[in-house]
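K.L.:
There's a structure below that I have some questions on.
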Amino acid sequence: IDLSVFKPTPSDFRQRYSLENKFIILGVANVWTERKGLQYFVELSRHLLSDEVIVLVGLAEKQKTTLPLEIVGVTRTDDIKELAEIYSVADVFVNTTLEDNFPTTHLEALACGTPVITFNTGGSAESIRERCGHVVQRGNLDDMMRFIRLLKEDGKETYSKACRERATCMYDKDDRFADYVELYESFR
């Protein structure tokens, strides 16, 4: 990923959406479908405390009208700087996908210093290491909520440095491109 864009980025997102003093649980998808786990966010919303909110990015306008009050819906954005701002303001990134190969959203969140909680589906668990987040069994909302509360208690700043280091070490696009060129050259 492009670490010159996906990095801790200040924004007025909390003010624009009146989320000051809220613990933000973020979900991002290009298109929200059952396969992406939208139904799990709806269920999670039923267990939130008054100072917690879910923000989902990538929703269609029609989907936004059907959400519970505890979920703030944001339509899809093509502005990657805006996306980096949203990742940065979130306290935790949650991925409830039921199938995925290697979610870029995890890498983007980590690069912005935001820990990730994800289901152990497909390649979702591969990017998560100690102090970067947690992996729970598919569909286990009790464990997901337990880890959300643990991250809330510990504070995002406890995880941010490790998240950013993981992204910088493993997922910098320039480093990975150089690896590909080196591999190619080794076969010449």
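The values are calculated or read from the model by the stated rules, or taken from the named source; none is laboratory data. Remember, predicted model here, so these are calculated numbers, not experimental data. Using ideal geometry, Cβ is built from the backbone for each residue, glycine included, and neighbour counts are taken over all protein chains shown. When the accessible area is computed, the model is the full protein with side chains, heavy atoms only, and any ligands, DNA or RNA have been set aside. Shrake-Rupley method; radii C 1.70, N 1.55, O 1.52, S 1.80 Å.
K.L.:
Any residue in the range 62-76 that is over 13 Å from L48 (Cβ atoms) sitting within a Cβ distance under 7 Å of a residue that is among the β-branched types (V, I, T) and open to solvent by less than 100 Å² (accessible area, probe 1.4 Å)? List the pairs, counting only those 6 or more apart or interchain.
P.N.:
V74/V55; V74/V57
K.L.:
Among V92, V136, V116, which is the only one that is touching a Cys at 6+ places or on another chain (Cβ under 8 Å), within 21 Å of W32 (Cβ to Cβ) and not charged (D, E, K, R)? Spell out how you get there, then give the answer.
P.N.:
Working: V92 fails: touching a Cys at 6+ places or on another chain (Cβ under 8 Å); V136 fails: touching a Cys at 6+ places or on another chain (Cβ under 8 Å).
The conditions single out V116.
K.L.:
So, one more: If you go through the range 69-77 one residue at a time, do you hit one that is closer than 23 Å to A125 by Cα, in contact with a helix residue (DSSP H, G or I) (Cβ under 9 Å, 6 or more places away or on another chain) and at pLDDT 95 or above? I'd like the intermediate steps shown before the answer.
P.N.:
Of the range 69-77, the ones closer than 23 Å to A125 by Cα are none.
No, every residue in the range 69-77 fails to be closer than 23 Å to A125 by Cα, in contact with a helix residue (DSSP H, G or I) (Cβ under 9 Å, 6 or more places away or on another chain) and at pLDDT 95 or above.
K.L.:
Separate question: Among residues belonging to the range 92-112 that are in a loop (DSSP other than H, G, I, E, B) and touching a residue at least 40 places away in the same chain (Cβ under 8 Å), point out the one that is nearest to F23 (Cα to Cα).
P.N.:
Restricting attention to the range 92-112, the residues satisfying the condition of being in a loop (DSSP other than H, G, I, E, B) are 96-103, 112.
Narrowing the set further to residues that are touching a residue at least 40 places away in the same chain (Cβ under 8 Å) leaves 96-99, 112.
Details: T96: 18, T97: 21, L98: 25, E99: 27, C112: 16 Å.
Per the stated criteria, the residue is C112.
K.L.:
Those residues that are free of Cβ contacts under 8 Å to residues at least 24 places away in the same chain and small (G, A, S), I need them from the range 120-129; list them, please. Break it down into steps so the answer makes sense when it comes.
P.N.:
Within the range 120-129, the subset free of Cβ contacts under 8 Å to residues at least 24 places away in the same chain is 120, 123, 125, 128.
Within the range 120-129, G123, A125 meet the criteria.
K.L.:
Going through C169, C163 one at a time, which residue ends up being at pLDDT below 95, in a helix (DSSP H, G or I) and either on the phi < 0 side of the Ramachandran plot or open to solvent by 30 Å² or more (accessible area, probe 1.4 Å) (or both)? Before you say what the answer is, go through the steps one by one.
P.N.:
Numbers: C163 fails: at pLDDT below 95.
Of C169, C163, the one residue that is at pLDDT below 95, in a helix (DSSP H, G or I) and either on the phi < 0 side of the Ramachandran plot or open to solvent by 30 Å² or more (accessible area, probe 1.4 Å) (or both) is C169.
K.L.:
Still on this model: Looking at (1) surrounded by 14 or more Cβ atoms within 10 Å (Cβ to Cβ); (2) part of a helix (DSSP H, G or I); (3) among the polar types (S, T, N, Q), which is the only condition T158 fails?
P.N.:
(1)
K.L.:
Okay, moving on. Only one of N140, N95 is more than 24 Å from Q15 (Cα to Cα), buried (at least 19 other Cβ atoms within 10 Å of the Cβ) and modelled with pLDDT of 95 or more. Can you tell me which? Spell out the reasoning first.
P.N.:
Numbers: N140 fails: buried (at least 19 other Cβ atoms within 10 Å of the Cβ).
Residue meeting the stated conditions: N95.
K.L.:
So, in the range 114-149, of the ones that are under 13 Å from the mean Cα position of the chain (by Cα) and of a type in the set (S, T, N, Q), which residue ends up farthest from F102 (Cα to Cα)?
P.N.:
T114
K.L.:
Quick test of your reading of the structure: I117 fulfils all but one of (1) surrounded by fewer than 18 Cβ atoms within 10 Å (Cβ to Cβ); (2) of a type in the set (V, I, T); (3) touching a residue at least 24 places away in the same chain (Cβ under 8 Å). Name the failing condition by number.
P.N.:
(1) is the only condition that I117 fails.
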